[in-house]
Amino acid sequence: MKLFKRFLLLLTLFFCYTFVSAFSYARDVSADIANSVFRLHIIANSDTEEDQNLKLLVRDDVLKYMKQISKDVSNKEDVVTLMYEHLDEFQRIAKETIKNNGYDYEVRVKIGKFEFPTKEYGDIALPAGMYDALRIEIGKAEGHNWWCVMFPTLCFVDVSSGELGEESKGVLESSLNEEEYDLVSGDNLGVNFKFKIIEFFEDIKVSLANR
């Protein structure tokens with residue numbers, strides 16, 4: 001009986017150690033990935049076909065302007081600074097696009113840290129978590145989202161399919177360390193297991209934050 005109790009104690013300690021190690025790993029890696037990217041998040045007024053189409057028109061005009069002003073930016077800090085400097089212009093463009101298409105929705109444009117689900121871009125996947133982003137809310141902002149990665153500049157690939165070419169993957173790879181890039185692009189069992197660990201703990205964090 002003593003031997004069995006000792007075994008249970010060792011087993012409990014092992015699971016506690018594994019849990020703490022997994023949590024620390026997920027926290028550190030997800031934070032590093034989140035700190036390396038800046039995202040764009042556009043929320044439609046509703047899920048009607050008209051509102052969803054309007055969201056995409058706003059997306060196209062915002063991306064067109066963003067491509068002009070960010071072509072020489074080489075790091076996240078400069079991107080964030082640039083977004084703050086042009087915040088009013090992003091709002092103007094969004095409102096103008098909405099007005100030109102016959103709507104009078106209000107637009108709210110803000111920069112902050114927001115919750116994102118796991119997002120796949122072809123064979124690249126960013127884990128769920130809290131990311132710095134430029135958010136554009138149209139009207140009641142009760143419709144489906146559209147999002148992309150502003151830095152590294154992955155917004156300018158095929159926005160309809162979300163597929164990344166080799167050049168875009170190279171930009172992302174240069175912004176992450178080897179393990180982080182393996183996590184978002186890997187296809188072996190070990191890497192996928194680590195990715196799921198990060199997702200699991202990020203989901204817990206987000207659930208607790210929303211209570």
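Computed from the coordinates by the stated procedures, all read-outs in this text should not be read as laboratory data. Since we're looking at a predicted model, the values are computed, not measured. Positions of Cβ are backbone-derived with ideal geometry, glycine not excepted, and every protein chain shown enters the neighbour counts.
Of the peptides 142-149, 112-119, how do they stack up when ordered by the mean number of other Cβ atoms within 10 Å, highest first? Walk me through the intermediate numbers first.
Working: 142-149: 17.8, 112-119: 14.8.
Peptide ranking by packing, descending: 142-149, 112-119.
I want to check the label-to-label distance for Thr118 and Asp72. Put each point 7 Å from Cα in the C-beta direction and report it in nm to one decimal.
So the two model labels end up 4.1 nm from each other.
With a Förster radius of 35 Å, plug the Cβ-Cβ distance of Glu50 and Asp88 into 1/(1 + (r/R0)^6) and report the FRET value to the nearest 0.05. Could the numbers behind the result be given before it?
Values: r = 27 Å, r/R0 = 0.77.
So the FRET efficiency works out to roughly 0.85.
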